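Down below is the structure, laid out as structure tokens.
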Amino acid sequence: MTLINTNFRHAGAQQLAQSLLAARQKTMALFDCYAAAGYELASRVPQLPHLNPPLWQLGNIAWFAEWFILREAPSSHPADALYNCLLTRGDDLFDANIVSHRARWNLDLPSPGAVKTYCHEVLDRVLDKLSREANVDSALYPYRLALAHEDLCGEAMLVGLQRLELPAPHTLAASPSLPVSANEIAFPGGSIELGSSHEAGFAFDNECPPYACYVPPFTIDAVPVSNAQFAEFVFDGGYQNRQFWSAAGSAWLMQQERSSPLYWLRDGMQWRTVRFGQPVTLPLQEAVRHINLYEAQAYCAWAGRRLATEAEWEYAALSGHPRFQWGQVWEWTATPFEPYPGFVAGPWRDYSAPYFMQYQVLRGAAFVTPPRLVSPRMRTFHGPERGDVFAGLRTCAW
């Protein structure tokens, strides 16, 4: 595994420098995909929920790195930066804390060329400063944070390309096939320490502090649910039978008039789908993706199973069991997104706290997630209606 793919949480200065360069190359390639389709200007981009105009996103990524590294802000509070922004009115344009999602289409943004120049200038200064940093966690934290932010934004930009049916960069890895017969795994349960420690390299604030948690015995699928398995649910009338759907799921389903997963297209007795603008035959042995929480819960009800709690998922992922495979898709869990006992917001103070008690936890990683970001401790989170992200499920039972 190369340095840029090694987990970034304990990355030293050399690895961080290589990873920041690689992340920026990927970001620029993603922006170029949008620009090639005529979406380089915010005014041309459809105003969809959860989608940012690519030009705004590009500027925000550079601004975030400048804020925490070059301007040495101890937190994301708008008054916390010690130095001025390199870009005139940069804070007014690219600070996500003060620029609402709706407003991002109507800003007087600099030209794409000017934003790219800003990105290059920030990265050059970041790398120069990094070359002189002490190789200790406290000094390297802002660099790790900026790298994580850019990687998270990159995955969001890929979600946007899929939504707009645009080609992805040719370097994007393909989704792997699942084993044909994987069955389930029984775990005896027991006490585990859930979460991460700030003292052990980088950790996202919602993973902290770690705490002891008892997990009762359970069984869990060795791999996520496949397209073939989910197609059985669809063919069996799963979207029409309300007994499988929660009250909230039924309400969502009535509004959507959905009879199959997002991007699925019926072709006789077979299914086709759309992958970054390209119609393809649905790969039956891939993990089902673009499933929201309601669909995941309905599938489990149909199968006589349930979603795993995040504690069960982390227990299984940390067990080292050779048949427990993950990383194909983010996986919905049965756990609402809540703070761990003793939670304290990190420097990126709006990363987690605004979404507690409203969103649901997903665990794992997707095939589009940079390997350096992948960790069995990581908690991502989305609203229950989000089916556009690269999310699927696996089932569990007592």
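Rolling a 1.4 angstrom probe over the protein heavy atoms with all chains in place gives the range 188-309 an accessible area of 43 Å² per residue. Shown here for the range 71-156: trypsin sites (Lys or Arg not before Pro) in loop regions (DSSP other than H, G, I, E, B) with at most 10 other Cβ atoms within 10 Å, namely ARG132. Angle of helix 13-36 to the longest C-alpha principal axis of the chain, folded into 0 to 90 degrees and rounded to 10: 80°.
Taking the DSSP bridge list for the chain and keeping only pairs wholly inside it, about 95 percent are antiparallel.
Using the Cβ-Cβ distance between SER319 and SER111 with R0 set to 51 Å, the FRET efficiency works out to roughly 0.45.
Each Lys and Arg contributes +1 and each Asp and Glu -1, all at the Cβ; summed about the Cα centre of the range 253-353, the dipole is approximately 320 debye. Using alpha carbon centroids, what distance separates the range 368-398 and the range 164-197, in Å? Answer, in whole Å: 8.
Each part gets one Cα centre, and for the range 212-258 versus the range 23-81 those centres are 35 Å apart. If you take the Cα centroid of the range 303-327 and the Cα centroid of the range 102-143, the two points sit 37 Å apart.
Can you bin the range 55-181 into rounded, prolate or oblate? Criterion: square roots of the alpha carbon gyration tensor eigenvalues sorted a ≥ b ≥ c, rounded for a/c under 1.5, prolate for a/b above b/c, oblate for the rest. Oblate is the answer for the range 55-181, as a/c is 1.5 or above yet b/c matches or exceeds a/b. Among residues other than PRO179 with Cβ under 15 Å from its Cβ, the summed charge is -1 (Lys and Arg +1, Asp and Glu -1).
Of the trypsin sites (Lys or Arg not before Pro) in the range 229-284, not one is in a loop by DSSP (not H, G, I, E or B) with at most 13 other beta carbons within 10 Å. If you take the square roots of the eigenvalues of the alpha-carbon gyration tensor of the range 108-254 and sort them as a ≥ b ≥ c, do you get rounded (a/c under 1.5), prolate (a/b over b/c) or oblate? Cα axes put the range 108-254 in the oblate bin. About the centre of its Cα atoms, the chain shows a dipole size close to 540 debye [charges on the beta carbon of Lys, Arg (+1) and Asp, Glu (-1) only; nearest 20 debye]. Taking all protein chains together and rolling a 1.4 Å probe, ASP95 ends up with roughly 0 Å² accessible.
Mind running the shape call on the range 235-337? Use the C-alpha gyration tensor, a ≥ b ≥ c as the square roots of the eigenvalues: rounded below 1.5 for a/c, prolate if a/b tops b/c, oblate otherwise.
oblate
A full extension of the chain between ASP137 and ARG266 corresponds to an added length of 41.3 nm, given 0.36 nm per residue minus the alpha carbon distance. Helical content alone sets the calculated 222 nm signal of the chain at -10000 deg cm²/dmol, taking -39,500 (n - 2.57) per DSSP H segment of four or more residues and averaging over every residue. For the range 250-262, putting each phi into the Karplus relation 6.51 cos²θ - 1.76 cosθ + 1.60 with θ = phi - 60° gives couplings of 5, 5, 4, 5, 5, 6, 8, 6, 8, 10, 6, x, 4 Hz, in residue order, rounded to whole numbers and with x for Gly and Pro. Here the accessible area of the range 190-250 is 53 percent carbon and sulfur, with a 1.4 angstrom probe and all protein chains present. Loop exposure criterion: GluC sites (Glu not before Pro), DSSP state outside H, G, I, E and B, at most 12 other Cβ atoms within 10 Å. Applied to the chain, the longest stretch between such sites is 1-198.
The values are calculated or read from the model by the stated rules, or taken from the named source; none is laboratory data. Predicted model only: the values in this text are computed from it and were never measured. Don't worry about glycine lacking a Cβ; one is built from the backbone with ideal geometry, like all the others, and counts go over all protein chains shown. Surface areas here come from the heavy atoms of the whole protein model, side chains and all, with no ligands, DNA or RNA. Shrake-Rupley method; radii C 1.70, N 1.55, O 1.52, S 1.80 Å.
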